[in-house]
1. Using the reciprocal of the averaged 1/r over all distinct C-alpha pairs, how large is the Kirkwood radius of region 223-289 in Å?
2. Taking 7 Å along the Cα-to-C-beta vector as the label spot, tell me the VAL113-THR58 distance in nanometres, rounded to one decimal.
3. MET263 versus LEU147, label points 7 Å from Cα toward the beta carbon: distance in nm?
4. Relative contact order for region 63-202 using alpha-carbon pairs under 8 Å, separation at least 6, rounded to a whole percent?
5. Between VAL89 and GLN281, what length in nm is gained on full extension when 0.36 nm per residue of separation is reduced by their alpha carbon distance?
6. Which value, in debye to the nearest 20, describes the size of the charge dipole of region 124-243 about its Cα centre when Lys and Arg Cβ atoms bear +1, Asp and Glu Cβ atoms bear -1, and nothing else is charged?
7. Could you tell me which of ILE186, GLY197, LEU246 has its Cα farthest along the dipole of the chain towards the positive end, charges placed at Cβ (Lys, Arg +1; Asp, Glu -1), taken about the Cα centre?
8. Ignoring GluC sites (Glu not before Pro) that are buried or in helix or strand per DSSP, and keeping those with at most 16 other beta carbon atoms within 10 Å, what is the longest stretch of the chain between them?
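The numbers here are math on the coordinates, done by the rules we state, and not lab data. Just so you know, these numbers come straight off a predicted model, no measurement behind them. Positions of Cβ are generated from backbone atoms using ideal geometry, with glycine treated the same way; all protein chains shown enter the neighbour counts.
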Amino acid sequence: MLEFYVNVIVGGLLLGAVYALLATGLNVIFGVMRMVNFAHGEMVVVGMYVGYGLWAWTGAPALVAAPVAALLLFVMGYLFQRFVANRFVEAPQHMQFILYIAIALVITGLHAVFFGPDPRGIQSDASFEVYQLGMVRFDAVRTQAALASLVLIAALWAWFRYSLTGKAIEAAAENRVGGQAIGIRIPHLFALTAGLGFACAGAAGALVAPMFDVQPYLGGEFTLVAFIIVIVGGLASLPGALVGGLLIGLAEALAATVVAPSMKSLFSYGLLVLVILLRPQGLFGKVEG
């Protein structure tokens, strides 16, 4: 029995690492521009279709599809922010919400038109591989996806912390007017930020594609998961997105095992309510004064 639950916990944490990458994209966009991307889950689904398409055409694994999906979504995010969303940065929040909800509906509709409503699953040799370490069994697909997600999160954190462009983005987030005064190209940096956020979603989608059958209507589910994670971990906090993702992955795994698979979101919502009651700013969030 102990071995069973240990493996359930390990599986939940591995999926939680991919969830963390998914939520990091949402957190980056909000942290810099204070815009809430309600189409974030749809970007994940785009990444899933990229992963499925590359596997179906070439047999490429998720680790190969992830950078392709990230690059594609980065370009989409940059162009969308530069030519459309930048006009809404100073707009009232309800207008921003309508913009992203409309984008989400358009993307879902396009998926349904081009790919149909039927689920499409990836079945590769890696789907049946397991790494054994004592009594703990690591699913190969989840382990590879988790390690790739952690590497990408660490690379993004280091880029923001140490690169000149990353510091400029943080400066623009702290004081937009001051950044403009010293010559920072705010529209370009905002577009770059959106590209990074979309790229995280695309990479997460490609990595998670072997674990979930891809279909056009998964976007809302992934958006909800991302929102729960960033609220639990703390808005605009990269460490919060990581810890929140691990907690939600663990909560889903335990709920599916202890209660029922159909109730896997039960513990996640319970954790969300608990955090809101005890620490409204999230585990790593800051109280805005």
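1. Kirkwood hydrodynamic radius for region 223-289: 11.8 Å.
2. Going from the VAL113 label point to the THR58 one covers 2.7 nm.
3. In this crude spin-label approximation the distance works out to 3.6 nm.
4. Averaging sequence separation for qualifying contacts and normalising by length gives 50 percent for region 63-202.
5. 66.8 nm
6. The calculation lands at about 460 debye.
7. It is ILE186.
8. With GluC sites (Glu not before Pro) excluded where exposed in loops, the chain gives 130-287 as its longest stretch.
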